[in-house]
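The values are calculated or read from the model by the stated rules, or taken from the named source; none is laboratory data. Being a predicted model, the structure only gives us computed values, none of them experimental. Every residue, glycine as well, gets a Cβ built from its backbone with ideal geometry; the counts of neighbours run over all protein chains shown.
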């Protein structure tokens, strides 16, 4: 069974806590991704910002994306997966927390991101049938 480090996208880009939602949206567009980890000045993971967060929590509420900091959008403790955790554990964590993307950490260091599609490619066909985009 492959580990997270085998199926993740390594060298994950992130957005700083003081960067704006507009900065995050531009970075997501540039990178062609739908989520970015939010990291503090000491590179500790603070959360994950998604394109949906920007639409719902910023634009949908009439907030100024240039004045809204990424840290304002981080929710509680970030759900992560360890670099050595198996694809089964990734799948279970995604299902438990109803997320489609997870930051991969090695100790306290962000080392990559793993998406639902990465897990689907790594799991045998019978297990893939249990994956849901909800």
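Figures for the structure shown
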quantity: Hits in region 4-27 (condition: crowded, with 19+ Cβ neighbours inside 10 Å and either modelled with pLDDT under 90 or assigned to a strand (DSSP E or B) (or both)); calculated: 12, 15, 20
quantity: Region 36-51 - residue that is part of a strand (DSSP E or B) and in contact with a helix residue (DSSP H, G or I) (Cβ under 7 Å, 6 or more places away or on another chain) and, of those, surrounded by the fewest Cβ atoms within 10 Å (Cβ to Cβ); calculated: 46
quantity: Any hit, region 95-108, residues being surrounded by fewer than 20 Cβ atoms within 10 Å (Cβ to Cβ), over 11 Å from the mean Cα position of the chain (by Cα) and either touching a residue at least 60 places away in the same chain (Cβ under 8 Å) or under 17 Å from residue 18 (Cα atoms) (or both); calculated: yes
quantity: Any pair with Cβ under 7 angstrom, 6 or more apart, that starts in region 21-46 at a residue that is without any contact (Cβ under 8 Å) to a residue 60 or more places away in the chain and ends at one that is surrounded by fewer than 12 Cβ atoms within 10 Å (Cβ to Cβ); calculated: 22/66
quantity: Top-ranked residue of region 111-121 - restricted to ones that are crowded, with 17+ Cβ neighbours inside 10 Å and more than 11 Å from the chain's Cα centre (by Cα), ranked as nearest to residue 14 (Cα to Cα); calculated: 111
quantity: Helices (runs of 4 or more DSSP H) contained entirely in region 85-134, each with at least 3 residues that are at pLDDT 90 or above; calculated: 87-97
quantity: Test: residue in region 52-64 that is within 18 Å of residue 13 (Cβ to Cβ), modelled with pLDDT of 90 or more and surrounded by 17 or more Cβ atoms within 10 Å (Cβ to Cβ); calculated: yes
quantity: Selected residue (only one of 72, 88, 84 is in contact with a strand residue (DSSP E or B) (Cβ under 6 Å, 6 or more places away or on another chain) and surrounded by fewer than 20 Cβ atoms within 10 Å (Cβ to Cβ)); calculated: 84
